[in-house]
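Reading through the structure tokens given below for one structure.
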Amino acid sequence: MSITRVDQIFALFLVLFGFYIVWSGFDYGYMNGTTPGAGFFPVLIGGAISVLSAFNLYRAVAGKERLSGGVAKDDIAKIVLISLAIAAVIFLTPFLGLTLSVIAFMLAAGFIIRPSLAPGFLLRLIPVAILFPLFLRLAFGVWLRIPVPTGPFGL
Amino acid sequence: MKRFAKSGAVLGASLLALGATTAPIFAQDYPSRDIEMIIPFGVGGGSDVLARTIASVIGEKELLPVQILPENRPGGSGAVGYGYVGQQQGNDHLIATVSVSFFTTPLLGASPVSYEDFTPLAAISYSPYVLAVPTSSPYESVDDLAEVDRLTTATVGVVSDAALLADMLTDSAGVQIDAVPFDGEGEALAAILGGHVDIVFMNPSELLAQTEAGTLRPLAVSSAERVEAFPDVPTFTELGHDIEHVQLRGLVMPGGVSEEVVDYWEGILEEVATSDEWREQYIETYYDSPAYLNSEEFAALIEQTNDRYRAIMEEQGLI
Amino acid sequence: MEVFSLLFEGIAQAAEPTTLLATLFGVIIGLLIGALPGLGPSAGVAIMLPVAISLGGVPALACLAGIYYGSMFGGAVTSILLGIPGDPPSVMTVMDGYPMAKNGEAGRALGMSVFASFIGGLIGLIGLVTLSVPIASAALAFGPTEMTALMIFALSLVSVLGGRNAIKGFVALALGFWVGMIGLDPIAGPIRFTWGSMDLFDGVDFSVVAVGLFGLTAMFLSLNETATSGLQKFKFSSLFPRIKDAVSSRFDLLQGSITGFFVGVLPGIGATAATMMAYATSKRMSKTPEKYGTGHIQGIAAPEAANNSASYASMIPLFTLGIPGSATTAVMMAGLLMLGLQPGPLLFINNGDFIWAVFGSFWIGNLMLVFLTLLLTPFLASILFIATAILYPIVFAIIAFGVFAIDYSMSGLMIALAAGVIGLVLLKLDYPPVPLVLGLILGPMLERNIRRTMIQSQGDLMVFIERPIALALFILTILVIAWPIIRNMMGKKSNALLEVSNSG
């Protein structure tokens with residue numbers, strides 16, 4: 001899928017999304033007696049998003065919008081993997097605690113960015129991935145007294 | 001269980017003999033571990049200070065054989081913290097303080113629990129609201145306010161005690177009062193000092209510095225009796241307005257807690273309410289009014305407050 | 001001048017060992033909290049409140065305030081080095097600081113942020129001791145009507161910050177407005193755009209969005225090591241600040257400091273809006289506006305001077321009137337109460353010694369920060385030479401803890417991730433991210449103040465021209481919008497003159 005096609009789809013999405021905001025705005029109440037209600041701004045803003053995006057959609061379809069370039073396939077794979085790894089931290093934390101989840105994440109992220117098993121890299125990544133979250137656990141949990149979610153081993 | 005009954009009987013007898021309420025009936029069995037105290041708001045706010053002061057007074061007076069561990073669980077205007085407490089029915093090692101959001105967030109349908117999911121323990125003081133105007137204002141009394149057609153007031157949040165009181169005054173004095181909601185006490189105070197609104201309802205601790213400095217003039221207080229910090233300011237009832245509404249400082253537990261536990265906490269909280277430590281650390285610092293309400297009285301007032309909020313929210317078309 | 005003798009007494013008092021140590025402790029914690037993405041000054045001051053109060057008296061407040069203004073220095077560090085705003089008021093520093101770091105001028109950029117922070121702090125402090133009483137009363141004249149006018153003025157200023165495609169810039173601005181509406185509507189009460197989620201009830205935290213939109217997006221774009229490693233060639237000179245930058249940016253420093261001071265003193269506006277206005281003004285006044293956003297040194301000077309100046313100014317209503325104008329000063333007010341002091345108009349009269357000693361500690365703290373940060377600059381700048389595969393996991397880890405600490409929940413990380421992905425899409429499709437954060441900061445203030453004004457005036461729009469301050473701001477707004485046209489005409493004239501003198 002080319003970047004131009006993405007631009008067209010995104011603009012179309014925004015046109016529809018603007019309609020949704022306007023529709024919600026009328027639901028919240030456009031006016032409240034003589035004063036603007038909770039829906040007043042959503043109606044205006046949603047309308048602006050729709051109208052402006054319709055214009056963008058026209059430009060994109062007519063080929064008037066030149067975009068600097070897309071993202072290479074390899075990069076997209078890395079971005080998706082890192083995003084999944086962050087999402088994994090969110091879902092694992094209730095079970096493993098934040099510290100262990102972050103240790104796992106750091107190891108994963110290191111290998112996603114540099115898929116290498118070179119000893120020099122491993123010797124740096126593994127100690128950092130284990131010690132740094134422990135240090136953060138100490139700094140946030142003990143010094144700043146923030147109730148960091150804990151998992152097994154009280155970490 | 002046998003041991004429990006026996007010790008209960010012995011202690012019960014001594015209790016009768018002393019006529020005191022402090023001795024726990026089942027001291028060996030309850031509390032069996034540390035008490036979790038949930039603060040449904042962030043560090044440094046009013047609820048946080050209140051809860052931590054209660055915990056520290058109980059700690060200093062050694063009223064409990066275990067510790068109270070305060071823990072902040074902010075988010076969702078109290079829905080996160082109150083949800084955590086209210087959903088653990090029957091857990092009698094879990095306490096929380098009440099606040100305005102205790103009522104309003106559930107009424108908006110934004111909380112998994114409501115006041116009915118909690119067991120009221122006791123209230124240990126209350127904060128009245130003071131009606132004040134800028135010193136430069138032409139209004140010298142509540143009667144003067146009743147003369148005009150329309151007034152504006154600064155509130156914090158749409159549904160708040162100040163908005164409730166404005167509504168009550170509208171009904172009682174026959175003057176239209178429009179509430180302008182601001183984002184925090186500071187902004188509301190700036191609005192009244194700058195003359196952008198006509199009147200405010202605020203806690204004594206928020207107002208006293210201003211009235212002492214002569215920037216704001218107090219006109220009436222919302223409690224049944226006059227307030228220590230403002231001895232010359234009449235109550236609304238004295239002025240012939242049927243307005244009485246205060247903010248109670250009290251503790252609740254999840255629903256489904258046994259009578260014995262409630263009795264036990266009533267005893268502890270009565271000691272807190274009457275202690276010098278509580279007076280010094282909270283009442284005098286924040287100009288609260290001392291009071292002790294047992295669980296039944298507290299429960300009745302919680303229900304009354306909830307009904308008042310429901311009524312004002314229905315009036316505004318929020319629910 | 002009586003104030004200066006009071007101030008010198010205050011500084012002498014603040015130089016007592018316990019206060020000195022408390023100040024040092026405060027500014028170091030502040031630097032850290034400012035530099036950590038996610039955790040900002042308001043959360044930082046609140047978290048440290050119990051520790052600070054245990055110090056008692058002047059040291060307690062010197063420490064709390066130190067955390068606040070220290071974080072203004074610290075926020076720039078992450079903004080410049082990693083493109084992640086360390087705290088909300090350093091968002092604008094990302095615009096030029098991060099490109100400079102990528103061009104191998106991290107030390108220079110950090111140095112500029114230190115100079116700017118120091119100068120901004122100094123001007124803020126001079127204002128604090130000499131103008132606090134009159135300026136506090138003047139700030140009270142700003143009610144909802146004036147705030148509305150100010151926000152419209154601010155939006156007219158910042159409209160220069162859009163990207164190449166103006167329409168996409170406005171779409172981004174509108175999207176920012178929309179994000180600002182999420183949560184409980186504070187004026188009329190309904191819950192907007194939360195889709196039943198408790199976590200969205202209180203709205204979306206600005207620092208979380210900024211971390212995602214700038215930080216995660218910037219990291220997503222540089223995950224490919226082979227593409228980015230060329231930029232990070234070691235150069236010793238890139239580690240050190242340059243004094244001459246401060247001289248060349250003197251007008252931007254002054255402008256930023258003054259903007260920061262006057263905007264910062266207004267309750268409910270805050271340092272972040274002040275930095276946006278300072279940056280935009282700097283770009284408007286510049287002869288080379290096209291350089292802003294590409295690593296222009298003045299683009300760091302103005303906002304960094306503004307946020308430090310604003311941090312002192314925002315304490316003025318607290319100390320002179322007992323009005324906390326922001327979340328951070330509200331926590332400081334709680335601290336004053338815990339110490340048994342009564343914040344209000346009589347605070348200066350009843351506890352003058354105390355306040356002057358606290359003010360004295362600000363001067364010492366500001367100096368401490370300059371030395372600390374200048375010493376640290378080379379070490380901080382060398383962070384960039386750590387390999388991406390090691391550095392980014394570390395940064396992600398800090399973000400995870402820092403974002404959790406804002407509201408003790410994992411939902412922030414989810415919002416940051418979403419903002420990061422959306423930020424990437426927007427950037428690739430040429431939607432500029434800056435208008436989005438502008439909308440998020442200024443939108444809610446505009447919406448709420450317009451609606452407050454309309455409640456007060458019962459829907460009468462005439463109030464906007466009946467009130468002198470509002471009217472003046474609207475006239476300024478028109479001038480700002482018309483300025484490019486006027487300058488265009490003047491530019492032609494001066495070019496003509498130049499040609500005449502050349503030929504003559």
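Annotations for the structure displayed:
A quick yes/no check of all residues on (1) surrounded by fewer than 21 Cβ atoms within 10 Å (Cβ to Cβ); (2) within 13 Å of another protein chain (Cβ to nearest Cβ); (3) outside any helix (DSSP H, G or I):
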| residue | (1), (2), (3) |
| --- | --- |
| C:Ile364 | yes, no, no |
| C:Leu367 | yes, no, no |
| C:Leu376 | yes, no, no |
| C:Leu413 | no, yes, no |
| C:Ala416 | no, yes, no |
| C:Gly423 | no, yes, no |
| C:Val437 | no, no, no |
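- Count - residues of region C:82-104 that are surrounded by 24 or more Cβ atoms within 10 Å (Cβ to Cβ) and more than 19 Å from C:Ala278 (Cβ to Cβ): 3
- Some residue of region C:277-284 being over 30 Å from C:Pro317 (Cβ atoms), touching a helix residue (DSSP H, G or I) at 6+ places or on another chain (Cβ under 7 Å), surrounded by fewer than 24 Cβ atoms within 10 Å (Cβ to Cβ) and not small (Gly, Ala, Ser): no
- Here is the figure for region A:100-129: residues that are more than 8 Å from every other protein chain (Cβ to nearest Cβ), of a type in the set (Val, Ile, Thr) and more than 24 Å from C:Ser411 (Cα to Cα) total 1.
Yes/no matrix, rows are residues, columns are (1) in the same structural domain as B:Gly250 (by TED's automatic domain parsing); (2) within 30 Å of B:Pro254 (Cα to Cα); (3) surrounded by 20 or more Cβ atoms within 10 Å (Cβ to Cβ):
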{"residue": "B:Thr119", "(1), (2), (3)": "yes, yes, yes"}
{"residue": "B:Ser136", "(1), (2), (3)": "no, no, no"}
{"residue": "B:Gly195", "(1), (2), (3)": "no, no, no"}
{"residue": "B:Pro204", "(1), (2), (3)": "no, no, yes"}
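- The listed residue being at the interface with chain C (Cβ under 10 Å from one of its Cβ atoms) and touching a residue at least 24 places away in the same chain (Cβ under 8 Å), out of A:Gly151, A:Gly97, A:Gly47: A:Gly47
- Residue within region C:50-72 that is within 30 Å of C:Thr217 (Cα to Cα) and either within 14 Å of chain B (Cβ to nearest Cβ) or surrounded by fewer than 24 Cβ atoms within 10 Å (Cβ to Cβ) (or both) present: yes
- If the condition is being in contact with an Asp or Glu (Cβ under 8 Å, 6 or more places away or on another chain) and within 11 Å of chain C (Cβ to nearest Cβ), then region B:206-248 contributes only B:Glu206.
- Residues that are closer than 15 Å to C:Pro444 by Cβ and within 12 Å of another protein chain (Cβ to nearest Cβ) number at least 2 in the following helices (runs of 4 or more DSSP H) confined to region C:144-213: C:144-158, C:166-181.
- Here C:Ala305, C:Ala327 are screened, and the one residue that is closer than 21 Å to C:Met48 by Cα and touching a Ser or Thr at 6+ places or on another chain (Cβ under 7 Å) is C:Ala327.
- Candidate set from region A:47-75 (those that are more than 19 Å from C:Tyr431 (Cα to Cα) and not small (Gly, Ala, Ser)); member that is surrounded by the fewest Cβ atoms within 10 Å (Cβ to Cβ): A:Lys73
- Residue match in region B:54-69 (condition: within 23 Å of B:Ala299 (Cβ to Cβ), more than 10 Å from chain C (Cβ to nearest Cβ) and surrounded by fewer than 19 Cβ atoms within 10 Å (Cβ to Cβ)): yes
- Those residues of region C:378-396 which are within 14 Å of another protein chain (Cβ to nearest Cβ) and among the aliphatic types (A, V, I, L, M), in sequence order: C:Ile383, C:Ile386, C:Ala387, C:Ala389, C:Ile390, C:Leu391, C:Ile394, C:Val395
- In region B:302-311, the residues that are buried (at least 18 other Cβ atoms within 10 Å of the Cβ) and either more than 30 Å from A:Thr35 (Cβ to Cβ) or assigned by TED's automatic domain parsing to the domain that holds B:Asp167 (or both): B:Ile302
- C:Ser314 vs. criteria polar (S, T, N, Q) and away from chain B (no Cβ under 14 Å): no
- Subset of region C:171-220 [within 21 Å of A:Tyr30 (Cβ to Cβ) and charged (D, E, K, R)]: C:Asp185, C:Arg192
- Matching option when the condition is of a type outside the set (A, V, I, L, M, F, W, C), closer than 22 Å to C:Met454 by Cβ and in contact with a Pro (Cβ under 8 Å, 6 or more places away or on another chain), among B:Gly157, B:Gly194: B:Gly157
- When region A:54-94 is filtered for residues that are more than 27 Å from C:Ser222 (Cβ to Cβ) and facing chain C (nearest Cβ under 7 Å), the ones remaining, listed by number, are A:Phe55, A:Asn56.
- Selection count, region C:397-411, where residues are more than 8 Å from chain A (Cβ to nearest Cβ) and of a type in the set (Ser, Thr, Tyr): 2
- Residue tally, condition in a strand (DSSP E or B) and under 25 Å from B:Tyr82 (Cα atoms), over region B:117-137: 10
- Elements of type helices (runs of 4 or more DSSP H) contained in region A:35-144, each with 1 or more residues being of a type in the set (Asp, Glu) and within 30 Å of C:Ala172 (Cα to Cα): A:73-113
The values are calculated or read from the model by the stated rules, or taken from the named source; none is laboratory data. Owing to the predicted nature of the structure, the values given are computational and were not obtained by experimental measurement. Cβ: placed from backbone, ideal geometry, glycine included. Neighbour counts: every protein chain shown.
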